[in-house]
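Asks: Have a look at this one before I ask anything.
The values are calculated or read from the model by the stated rules, or taken from the named source; none is laboratory data. Note that the coordinates shown come from a computational prediction; the quantities given were computed from them, not determined experimentally. Note that we place each Cβ from the backbone using ideal geometry, even for glycine, and neighbour counts take in every protein chain shown.
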Amino acid sequence: MKMTIEVDCTPQEARAFLGQPDVEAFNVWLVEQMKARFEQNMELLKPEEMMKGWMAVGGQAQDVMRRFMETAAAATAPRK
């Protein structure tokens, strides 16, 4: 036997019927926190800020790569 039951209720009514906790206040708080963090991080997406970050790392990475290549070249150079 196959039976189908359709229940028409809101999520709040379903949670109450099943004995689940009301998480509405927590959800509102969580969304507000996420919005605040997103707005703070938007400052980092400005082109000037991105270039500052890239150039700081880029310069160091370039120096490391140059030293690595110099060391590799010195190690493979024929010895006299």
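Asks: Here is a check on your reading of the model: is VAL31 at pLDDT 85 or above and touching a helix residue (DSSP H, G or I) at 6+ places or on another chain (Cβ under 9 Å)?
Replies: In short, no.
Asks: So which pairs qualify, if the first residue must be in segment 25-48 and exposed (fewer than 10 other Cβ atoms within 10 Å of the Cβ), the second must be assigned to a helix (DSSP H, G or I), the Cβ gap must be under 7 Å, and the two must be at least 6 apart or on different chains?
Replies: Matching pairs, first to second residue: GLU43/GLU49.
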